[in-house]
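Presented below is the structure to which this report refers.
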Amino acid sequence: MKNKYIILSIILATNSYLYGGDTNQIENASIFTSAIPCVADFDGDGKSDPAVYYPGSGTWVIKCSKYNWEQRILPGIPGGTPLVGDYDGDGLADPTSYTSGVGQWVVLLSGQNYAFVVFTLGATGPF
């Protein structure tokens, strides 16, 4: 089918591979080890975009379908579990990590050129 996009993230031991688009290309997205896959609409085109988060470095690697599967690399703060949501209301998913135990949230706001917002919530309970 024309214009049908397949998105697949495969985690192989210490390497991550991202497959996307109709070009049948597989690219090694492994910069560091222990990648965690995430999927969200990071470019606002209504399609899911594959991403991997490297907790050891805090780095996000995102493939954007709107931009011909261009790869974006965004720095972050090491540690945490990857989450996504549109926290600034611009229609784009904002990469986020949460570190349990200390309750640290790190949000990269897409509407502010991925500026960091760091806050604590949930370190010792819900209040």
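In this structure, does residue 83 turn out to be touching a Pro at 6+ places or on another chain (Cβ under 7 Å) and of a type outside the set (S, T, N, Q)? It is false that residue 83 is touching a Pro at 6+ places or on another chain (Cβ under 7 Å) and of a type outside the set (S, T, N, Q). The combined condition, being farther than 21 Å from residue 79 by Cβ and modelled with pLDDT of 95 or more, is fulfilled by residue 41. Looking at this structure, is residue 44 open to solvent by 20 Å² or more (accessible area, probe 1.4 Å) and within 28 Å of residue 101 (Cα to Cα)? In short, no. When segment 104-115 is limited to residues that are loosely packed, with under 14 Cβ neighbours inside 10 Å and either free of Cβ contacts under 8 Å to residues at least 12 places away in the same chain or of a type in the set (Phe, Trp, Tyr) (or both), the one that is farthest from residue 58 (Cα to Cα) turns out to be 113.
Being loosely packed, with under 13 Cβ neighbours inside 10 Å and not hydroxyl-bearing (Ser, Thr, Tyr) is a property that does not hold for residue 77. Just to be sure, is residue 106 part of a strand (DSSP E or B) and under 11 Å from the mean Cα position of the chain (by Cα)? So residue 106 fails the test.
Restricted to segment 80-103, and to residues that are within 12 Å of the chain's Cα centre (by Cα) and surrounded by fewer than 16 Cβ atoms within 10 Å (Cβ to Cβ), which residue is nearest to residue 41 (Cα to Cα)?
85
Applying the criterion of being over 14 Å from the mean Cα position of the chain (by Cα) and assigned to a loop (DSSP other than H, G, I, E, B) to the residues of segment 109-122, the residue that is farthest from residue 42 (Cα to Cα) is 122.
The values are calculated or read from the model by the stated rules, or taken from the named source; none is laboratory data. Every value quoted in this text rests on a predicted model; they were computed, and no experiment measured them. FYI the Cβ positions are ideal-geometry reconstructions off the backbone, even for glycines, and counts take in every protein chain you see. For the accessible areas, the whole protein counts, side chains as well, though only heavy atoms, and no ligand, DNA or RNA atoms are used. Shrake-Rupley method; radii C 1.70, N 1.55, O 1.52, S 1.80 Å.
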